[in-house]
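The values are calculated or read from the model by the stated rules, or taken from the named source; none is laboratory data. This one's a predicted model, so the numbers in the text were calculated from it and none came from an experiment. In this analysis, Cβ positions are derived from the backbone assuming ideal geometry, glycine residues included, and neighbour counts consider all displayed protein chains.
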Amino acid sequence: MFEALTEKLDAIFKKLKGRGILKEEDVDAALKEIRIALLEADVNFKVVKSFIERVRQKAIGKEILESLSPAQQVIKIVYDELCELLGGTTAKINLSPNPPTIFMMVGLHGSGKTTTSAKLARIFKKQGRRPMLVAADLQRPAAIDQLVTLGKQIDIPVFHSYEIKDPRQVCREALKKALIDRMDPVIVDTAGRMHVDEELMTELKDIKEILNPHEILFVADAMTGQDAVNIAKSFNEKIGITGVILTKMDGDARGGAALSIKEVTGKPIKLIGTGEKLDALEEFYPDRMANRILG
Ligand code: GDP
């Protein structure tokens with residue numbers, strides 16, 4: 001991931017360092033190239049525009065241009081602004097002081113929602129908690145089986161029913177069961193579709209009302225770039241999300257989703273999926289990711 005962007009930024013910065021003293025034109029020429037590199041990495045064009053503007057504002061200052069290592073300072077400004085695009089500081093998962101904490105997992109079909117629900121449950125189990133998974137994706141019968149299978153692999157109970165046809169009812173029953181069995185947290189895998197539609201949004205809104213979740217985590221496939229960003233925006237506007245989990249960060253995505261989603265939705269990336277295995281879910285560190293981009 002980010003390979004092409006890293007390579008291009010490296011070439012741009014080498015050229016800048018080779019100049020020694022920098023003039024405003026040199027910075028502008030470099031910014032023009034950075035702009036193209038970001039667009040080619042599939043970063044949202046509005047995000048690119050404001051990013052370049054912010055870097056320019058900071059980099060054109062006299063003290064920077066007349067300093068001993070102006071190129072180095074410009075690179076530091078780019079680094080700082082990349083950190084900001086990625087969310088600034090690490091955004092923590094919100095746990096309720098009054099258990100159970102309820103997680104509602106949302107996202108389109110194929111984004112990695114079911115796998116990520118199991119991965120998240122596994123992390124809580126490792127911490128000594130008593131997580132429960134809930135199969136509220138009744139769109140495909142296979143989705144229930146998939147979650148049940150994953151639950152068995154990590155020895156975590158999965159509340160599910162092949163008889164109840166309404167996911168709202170599944171959620172109500174699951175909450176009752178979680179309270180009786182003192183399960184915490186409760187992680188609810190909701191239905192996905194190939195694309196956003198009104199019926200799905202209505203279902204999710206109803207489920208949100210029933211669950212009153214502490215976190216609504218939008219699961220997005222990093223490989224789908226700006227589509228993931230647009231869908232996140234739409235989910236946020238329609239049902240409100242509290243954070244993003246970006247999956248398939250182990251793939252060769254250009255990086256546009258990671259670099260755009262916070263600025264476009266206002267909601268931070270909280271976790272990243274880094275593989276198909278159930279232990280491949282990590283906290284997201286904007287500074288580390290910015291370092292990786294700068295190579
Ligand atoms: P859902 O339809 O959103 O519930 O998606 P699934 O959980 O079924 O995941 C779809 C596919 O993506 C499965 O083959 C998963 O193993 C795979 N997957 C999920 N997360 C990751 C990840 O972080 N990296 C990789 N490489 N594959 C993932």
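Between LYS238, LYS277, LYS267, LYS233, which is within 13 Å of the ligand (Cβ to nearest atom) and either modelled with pLDDT under 95 or surrounded by fewer than 23 Cβ atoms within 10 Å (Cβ to Cβ) (or both)?
LYS277
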Yes or no: MET105 of a type outside the set (Gly, Ala, Ser), within 16 Å of the ligand (Cβ to nearest atom), over 23 Å from GLU7 (Cβ atoms) and surrounded by 15 or more Cβ atoms within 10 Å (Cβ to Cβ)? yes
How many residues, within the range 182-219, are of a type outside the set (S, T, N, Q), within 16 Å of the ligand (Cβ to nearest atom) and either in a strand (DSSP E or B) or on the phi > 0 side of the Ramachandran plot (or both)? 7
Take the residues in the range 250-262 that are within 15 Å of the ligand (Cβ to nearest atom) and within 10 Å of the chain's Cα centre (by Cα), then tell me which one is nearest to ASP287 (Cα to Cα). ALA258
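Quick test for you: out of LYS277, LYS233, LYS267, pick the one residue that is touching a Phe, Trp or Tyr at 6+ places or on another chain (Cβ under 8 Å) and among the basic types (Lys, Arg).
None of the others qualify; the one that does is LYS267.
Conditions (1) within 16 Å of the ligand (Cβ to nearest atom); (2) loosely packed, with under 15 Cβ neighbours inside 10 Å; (3) among the hydrophobic types (A, V, I, L, M, F, W, C), marked per residue:
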position: LYS92; (1), (2), (3): no, yes, no
position: THR101; (1), (2), (3): no, no, no
position: ALA121; (1), (2), (3): yes, no, yes
position: LYS126; (1), (2), (3): no, yes, no
position: MET132; (1), (2), (3): no, no, yes
position: ASP137; (1), (2), (3): yes, no, no
position: ARG140; (1), (2), (3): yes, yes, no
position: GLU163; (1), (2), (3): no, yes, no
position: ALA178; (1), (2), (3): no, no, yes
With the condition kept exactly as written, say whether any residue in the range 166-182 is β-branched (Val, Ile, Thr), in contact with a Ser or Thr (Cβ under 8 Å, 6 or more places away or on another chain) and closer than 28 Å to GLN127 by Cα. yes
On the basis of being under 18 Å from the mean Cα position of the chain (by Cα), assigned to a loop (DSSP other than H, G, I, E, B), surrounded by 19 or more Cβ atoms within 10 Å (Cβ to Cβ) and within 14 Å of the ligand (Cβ to nearest atom), does SER111 make the cut? yes
Set GLY251, GLY295, GLY256: member being buried (at least 23 other Cβ atoms within 10 Å of the Cβ) and modelled with pLDDT under 95: GLY256
Residues of the range 276-295 classified as without any contact (Cβ under 8 Å) to a residue 24 or more places away in the chain and closer than 23 Å to ALA11 by Cα, total: 1
